[in-house]
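**Student:** Have a look at this one.
The values are calculated or read from the model by the stated rules, or taken from the named source; none is laboratory data. What you see is a predicted model, and the numbers here were worked out from it, not measured in a lab. Don't worry about glycine lacking a Cβ; one is built from the backbone with ideal geometry, like all the others, and counts go over all protein chains shown.
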Amino acid sequence: MSAVTDQFAAPSAPVRKTPKGTFDLVFRNASFLAALFVLVLLAGIMASMVIGGWPAFREFGFGFLTSSVWDTQNEQYGAWPAIVGTLSTALIALVVGVPLSLGIAVFLTQLAPPWFKQPVSTAIELLAAVPSIIYGMWGLFVFAPLFAAYVQIPLSNIVEGMPIIGTVLYSRSPSGLGILTAGIILAFMIIPFIASITRDMLDQIPSVLRESAYGIGATTWEVVRHVLVPQAGVSIIGAIMLGLGRALGETMAVTFVVGNANRLSASVMDPGSTIASRIANEFNEALGLQLNSLIALGCILFFVTFVVLVIARILVSRVKRY
Amino acid sequence: MSLATPSTVRKLPEVTWGRVRQSRRTADRLMKVIATGFTLIAISVLFWILGMLIVKGLGGLSATTFTQVTPGPGTEGGGLANAIVGSIVLTFLGIAVATPIGVLAGTYLAEYGKGSKLADLIRFINDILLSAPSILIGLFVYVIMVEPFRGYSGWAGGVALGIIAIPVIVRTTEDMLRLVPGPLREAGAALGAPPSVVITSITWRAAKSGMVTGILLALARIAGETAPLIFTALNNNFWFSPNLIGGVSNLPVTIYQFASAPYENWQQLAWAGSLIITVSILVLSIIARRIVRGGK
């Protein structure tokens, strides 16, 4: 190496050293190891959840999933109420959040005048930057009281005694806290993710398609309905699943507003708990088997979100990486 | 009506044609109104939250907020000084952990691993980690750092935040390096520079502002994280000791504990803390966005 350098360097000029081959090797290996570290992280999270939760799985077996007892006195733990709470809050978040997100994406790509697009997109994306705990405080102190006064109480008076609806929508203690409130707040937290991915998907569609539809006399709505949605459909489903992944694991906001009840209720107005809120609530006081059971809950959450996110990423990556 | 004038003859098809168009037009208008309305709803939620923070948070802000430590239960007065300092220390510890790993991993994906199956897998897994629930990262660090060392610590908190920041930095670094045109690299290589030099002094330099944006976004992402800190750094009401062993006070966990407590001064401090943290995160995100747009 040095012989080559000497050959070309003028004797009087300051010699520029060729970097040593070792640095090249070290740099390459360091970046390779850093990239491998990402794989190790995921494997580590997976392993720590399984190992940490193992005592609970071994003690309760399959019954851990189906039991709804959570009794710290007698060391009996079951995940069912938390699983139901997690799924129902996430489902409500999707029911509320998906139409809103799709409407926003259509507004941003088809309706908004060009000068208006940027500020609106920024505002929507800033919704994602607001920390989870702030959503929790807003939910607890601002949204929940209003929700109790203007929705829960009037609604309970109307539906009381009705079959099915009377059970699902009746609130025994209208405090504003409960599964439905948590779901609505989660909806606002996942909107920016679904809306901005859908917006990018719609922007990716070649404008020739859109123009030809307008050319045969289609209205904006018909272009969205018959051209854009079929084109971007798969990736929009991916975006929705990405939002679902967020909603399943969201912790602080839910912990504030879900009510943290350890029992199962048939009404979405009643307090409940999710896997994440249960862990956040009890973790610091938990010892022994309770701690293992909480980590086992984390393990269940990990596998559910992992599957959802893998499907979401595969669907979204068909059009563009996200 | 009785007169079959050419005008009525012409009107007939127009009426039916008009009726079809009317329903299509109504559907179109309805959709436009709904889409605009939905956008307004989402934006007003943002302003509603910001307004609430300003109204309730400004009342709790005073000089003592920044000079006094957090009060114990039932103690009057107090501030957030230790929590603010603790949050800054933990956040920067997290970024210090994440930046070298994230930048190097992103570099590998963009420069060395092009087209390799392993790089595709790593990219995919990184995207999964990007949206993995932060509470799981907290549990993971609890299992690997808090339980074995028998105690909460600022180090564990910093590592947890770092793990959350890594995928953000990997992702933005890779995206930004991909934007650097190939001929720039070829020019460097033609001068005889080995790959590492081309990357560090040509590609990195060209992508610098984008990579800084990634780090800023990661900073904004972890500054408000609460869940992972509950299991790792926890909280306390004292100045942190420089060795970072034991609970380290920080804003998010302080807000979490103070918000639903029955003491009025605690609640006021929770609001003040929320205002401080949200404003700093929003400012960071907006600066990061500006850099990206300026660089384009």
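**Student:** Being within 14 Å of chain B (Cβ to nearest Cβ) and at pLDDT below 90 is true for just one of A:Val98, A:Val4. Which residue is that?
**Tutor:** Details: A:Val98 fails: at pLDDT below 90.
Checking each option against the conditions leaves just A:Val4.
**Student:** Just for segment A:259-274: of the residues that are assigned to a loop (DSSP other than H, G, I, E, B) and either within 13 Å of chain B (Cβ to nearest Cβ) or of a type in the set (Asp, Glu) (or both), which one is farthest from A:Phe147 (Cα to Cα)? So that I can check it myself, show each step before the final result.
**Tutor:** Step one: list which residues in segment A:259-274 are assigned to a loop (DSSP other than H, G, I, E, B), which gives A:260-271, A:273-274.
Applying the additional criterion that residues be either within 13 Å of chain B (Cβ to nearest Cβ) or of a type in the set (Asp, Glu) (or both) yields A:260, A:270, A:274.
Numbers: A:Asn260: 18, A:Asp270: 13, A:Thr274: 20 Å.
In this case the residue turns out to be A:Thr274.
**Student:** Still on this structure, please answer the following. Within segment A:128-153, track down each residue that is buried (at least 22 other Cβ atoms within 10 Å of the Cβ) and β-branched (Val, Ile, Thr).
**Tutor:** Matches in segment A:128-153: A:Val130, A:Ile133, A:Ile134.
**Student:** Right, something else. Go through the residues of segment B:121-129 one by one and say whether even a single one is farther than 24 Å from A:Phe193 by Cβ, buried (at least 23 other Cβ atoms within 10 Å of the Cβ) and not small (Gly, Ala, Ser). Give the derivation first.
**Tutor:** Taking segment B:121-129 first, the residues farther than 24 Å from A:Phe193 by Cβ are none.
Looking for residues that are farther than 24 Å from A:Phe193 by Cβ, buried (at least 23 other Cβ atoms within 10 Å of the Cβ) and not small (Gly, Ala, Ser), one finds none in segment B:121-129, hence no.
**Student:** Quick check: anything in segment B:176-191 surrounded by 24 or more Cβ atoms within 10 Å (Cβ to Cβ) and either touching a helix residue (DSSP H, G or I) at 6+ places or on another chain (Cβ under 9 Å) or among the basic types (Lys, Arg) (or both)? Quick ask: steps written out before the conclusion?
**Tutor:** Going residue by residue through segment B:176-191, those that are surrounded by 24 or more Cβ atoms within 10 Å (Cβ to Cβ) are B:176.
Okay, now just the ones that are also either touching a helix residue (DSSP H, G or I) at 6+ places or on another chain (Cβ under 9 Å) or among the basic types (Lys, Arg) (or both), so B:176.
Checked against the condition, which is being surrounded by 24 or more Cβ atoms within 10 Å (Cβ to Cβ) and either touching a helix residue (DSSP H, G or I) at 6+ places or on another chain (Cβ under 9 Å) or among the basic types (Lys, Arg) (or both), segment B:176-191 yields at least one hit.
**Student:** Right, something else. From the set of residues in segment A:208-223 that are among the small types (Gly, Ala, Ser) and free of Cβ contacts under 8 Å to residues at least 12 places away in the same chain, which is nearest to A:Leu111 (Cα to Cα)? Explain how you work it out, then say what you get.
**Tutor:** At the first step, the residues of segment A:208-223 found to be among the small types (Gly, Ala, Ser) are A:212-213, A:215, A:217-218.
Those left that are additionally free of Cβ contacts under 8 Å to residues at least 12 places away in the same chain: A:212, A:215, A:217-218.
Details: A:Ser212: 18, A:Gly215: 18, A:Gly217: 17, A:Ala218: 15 Å.
Looking at residues that are among the small types (Gly, Ala, Ser) and free of Cβ contacts under 8 Å to residues at least 12 places away in the same chain, I get A:Ala218.
**Student:** Among the residues of segment B:201-224, is there at least one that is within 20 Å of the chain's Cα centre (by Cα), at the interface with chain A (Cβ under 8 Å from one of its Cβ atoms) and part of a loop (DSSP other than H, G, I, E, B)?
**Tutor:** Yes; the residues of segment B:201-224 include at least one that is within 20 Å of the chain's Cα centre (by Cα), at the interface with chain A (Cβ under 8 Å from one of its Cβ atoms) and part of a loop (DSSP other than H, G, I, E, B).
**Student:** While we're looking at this one, here's another question. Working only within segment A:275-322, note down all residues that are at the interface with another protein chain (Cβ under 10 Å from one of its Cβ atoms) and in a loop (DSSP other than H, G, I, E, B).
**Tutor:** A:Arg321, A:Tyr322
**Student:** Right, here's the next one. Of the conditions (1) touching a residue at least 60 places away in the same chain (Cβ under 8 Å); (2) surrounded by fewer than 22 Cβ atoms within 10 Å (Cβ to Cβ); (3) within 14 Å of chain A (Cβ to nearest Cβ), B:Leu244 fails just one. Which one is it?
**Tutor:** If we test B:Leu244 against (1) touching a residue at least 60 places away in the same chain (Cβ under 8 Å); (2) surrounded by fewer than 22 Cβ atoms within 10 Å (Cβ to Cβ); (3) within 14 Å of chain A (Cβ to nearest Cβ), just (3) comes out false.
**Student:** Separate question: Looking only at segment A:48-80, which residues are exposed (fewer than 14 other Cβ atoms within 10 Å of the Cβ) and more than 13 Å from A:Leu289 (Cβ to Cβ)? Can you show your working first?
**Tutor:** Residues of segment A:48-80 exposed (fewer than 14 other Cβ atoms within 10 Å of the Cβ): A:51, A:58, A:61-62, A:66, A:71, A:73-75.
Matches in segment A:48-80: A:Ile51, A:Gly61, A:Phe62, A:Thr66.
**Student:** Right, something else. If B:Gly113 passes every condition in (1) facing chain A (nearest Cβ under 8 Å); (2) at pLDDT 90 or above but one, which one does it miss?
**Tutor:** (2)
**Student:** Okay, moving on. Looking at segment B:212-241, which of its residues are surrounded by fewer than 24 Cβ atoms within 10 Å (Cβ to Cβ) and in contact with a Phe, Trp or Tyr (Cβ under 7 Å, 6 or more places away or on another chain)?
**Tutor:** Answer for segment B:212-241, where residues must be surrounded by fewer than 24 Cβ atoms within 10 Å (Cβ to Cβ) and in contact with a Phe, Trp or Tyr (Cβ under 7 Å, 6 or more places away or on another chain): just B:Leu234.
**Student:** Considering only residues of segment B:93-110 that are small (Gly, Ala, Ser) and more than 8 Å from chain A (Cβ to nearest Cβ), which is surrounded by the most Cβ atoms within 10 Å (Cβ to Cβ)? Please lay out each step first, then the result.
**Tutor:** First pass over segment B:93-110, keeping only residues small (Gly, Ala, Ser): B:94, B:96, B:98, B:102, B:105-106, B:110.
When the remaining residues are screened for being more than 8 Å from chain A (Cβ to nearest Cβ), the result is B:94, B:96, B:98, B:106, B:110.
Values: B:Gly94: 27, B:Ala96: 12, B:Ala98: 26, B:Gly106: 31, B:Ala110: 24.
The extreme case among them is B:Gly106.
**Student:** Out of segment A:79-92, which residues are more than 14 Å from chain B (Cβ to nearest Cβ) and touching a helix residue (DSSP H, G or I) at 6+ places or on another chain (Cβ under 6 Å)? Explain how you work it out, then say what you get.
**Tutor:** Initial filter on segment A:79-92 (more than 14 Å from chain B (Cβ to nearest Cβ)): A:79-81, A:83-85, A:87-88, A:91-92.
Answer for segment A:79-92, where residues must be more than 14 Å from chain B (Cβ to nearest Cβ) and touching a helix residue (DSSP H, G or I) at 6+ places or on another chain (Cβ under 6 Å): A:Ala79, A:Trp80, A:Ser88, A:Ile92.
Table: residues versus (1) closer than 19 Å to B:Leu46 by Cα; (2) under 19 Å from the mean Cα position of the chain (by Cα).
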| site | (1), (2) |
| --- | --- |
| B:Asn250 | no, yes |
| B:Gln257 | no, no |
| B:Ser260 | no, no |
| B:Tyr263 | no, no |
| B:Gln268 | no, no |
| B:Ser274 | yes, yes |
| B:Leu282 | yes, yes |
| B:Ser285 | yes, yes |
| B:Arg290 | no, yes |
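**Student:** Could you look through segment B:80-92, keep only residues that are buried (at least 22 other Cβ atoms within 10 Å of the Cβ) and small (Gly, Ala, Ser), and pick out the one that is farthest from the other protein chains (Cβ to nearest Cβ)?
**Tutor:** Ranking the qualifying residues of segment B:80-92, first place goes to B:Gly86.
**Student:** Still on this structure, please answer the following. How many of the residues making up segment A:47-67 are hydroxyl-bearing (Ser, Thr, Tyr) and at the interface with chain B (Cβ under 10 Å from one of its Cβ atoms)?
**Tutor:** 1
**Student:** State whether the residues of segment A:169-176 include one that is surrounded by 13 or more Cβ atoms within 10 Å (Cβ to Cβ), of a type in the set (A, V, I, L, M) and away from every other protein chain (no Cβ under 14 Å). So that I can check it myself, show each step before the final result.
**Tutor:** Here is the first cut: in segment A:169-176, the ones surrounded by 13 or more Cβ atoms within 10 Å (Cβ to Cβ) are A:169-171, A:173-176.
Narrowing further to those that are of a type in the set (A, V, I, L, M): A:169.
Checking the rest, the ones that are also away from every other protein chain (no Cβ under 14 Å) come to A:169.
The answer is yes; a qualifying residue exists.
**Student:** Same structure, new question: Could you name every one of the helices (runs of 4 or more DSSP H) located completely within segment B:42-152 that has at least 1 residues being under 18 Å from the mean Cα position of the chain (by Cα) and in contact (Cβ under 8 Å) with a residue 24 or more places away in the chain? Working first, answer last.
**Tutor:** Values: elements: B:63-67, B:81-107, B:117-130, B:134-141.
The helices (runs of 4 or more DSSP H) meeting that bar are B:81-107, B:117-130, B:134-141.
**Student:** Looking only at segment B:183-242, which residues are within 30 Å of B:Ala132 (Cβ to Cβ) and of a type in the set (Gly, Ala, Ser)?
**Tutor:** Hits for segment B:183-242 are B:Ala207, B:Ser209, B:Gly210, B:Gly214, B:Ala218, B:Ala220, B:Ala223, B:Gly224, B:Ala227, B:Ala233.
**Student:** Another question about this same structure. Take the conditions at pLDDT 90 or above, more than 10 Å from every other protein chain (Cβ to nearest Cβ) and either within 16 Å of the chain's Cα centre (by Cα) or farther than 30 Å from B:Ala233 by Cα (or both) and apply them to B:Ala165. Does it pass? Break it down into steps so the answer makes sense when it comes.
**Tutor:** On the way: at pLDDT 90 or above: yes; more than 10 Å from every other protein chain (Cβ to nearest Cβ): yes; either within 16 Å of the chain's Cα centre (by Cα) or farther than 30 Å from B:Ala233 by Cα (or both): yes.
So B:Ala165 fits the description; yes.
**Student:** Output the number of residues of segment A:237-252 satisfying the condition of being within 11 Å of another protein chain (Cβ to nearest Cβ) and under 12 Å from the mean Cα position of the chain (by Cα).
**Tutor:** Step one: list which residues in segment A:237-252 are within 11 Å of another protein chain (Cβ to nearest Cβ), which gives A:241-252.
Among the residues that remain, those that are also under 12 Å from the mean Cα position of the chain (by Cα) are: A:241-251.
Result for segment A:237-252: 11.
**Student:** Name the residue, out of B:Leu136, B:Leu191, B:Leu179, B:Leu184, that is over 27 Å from B:Pro71 (Cα atoms), of a type in the set (A, V, I, L, M) and facing chain A (nearest Cβ under 9 Å). Explain how you work it out, then say what you get.
**Tutor:** On the way: B:Leu191 fails: facing chain A (nearest Cβ under 9 Å); B:Leu179 fails: facing chain A (nearest Cβ under 9 Å); B:Leu184 fails: facing chain A (nearest Cβ under 9 Å).
Every option except B:Leu136 fails the conditions.
**Student:** Among the residues of segment A:60-80, are any charged (D, E, K, R) and assigned to a helix (DSSP H, G or I)? Let's see the steps before the verdict.
**Tutor:** Restricting attention to segment A:60-80, the residues satisfying the condition of being charged (D, E, K, R) are A:71, A:75.
From what's left, assigned to a helix (DSSP H, G or I): none.
Scanning segment A:60-80, I find no residue that is charged (D, E, K, R) and assigned to a helix (DSSP H, G or I), so the answer is no.
**Student:** Looking only at segment B:207-238, count how many residues are under 18 Å from B:Thr99 (Cα atoms) and aliphatic (A, V, I, L, M).
**Tutor:** Of the residues in that region, 11 qualify.
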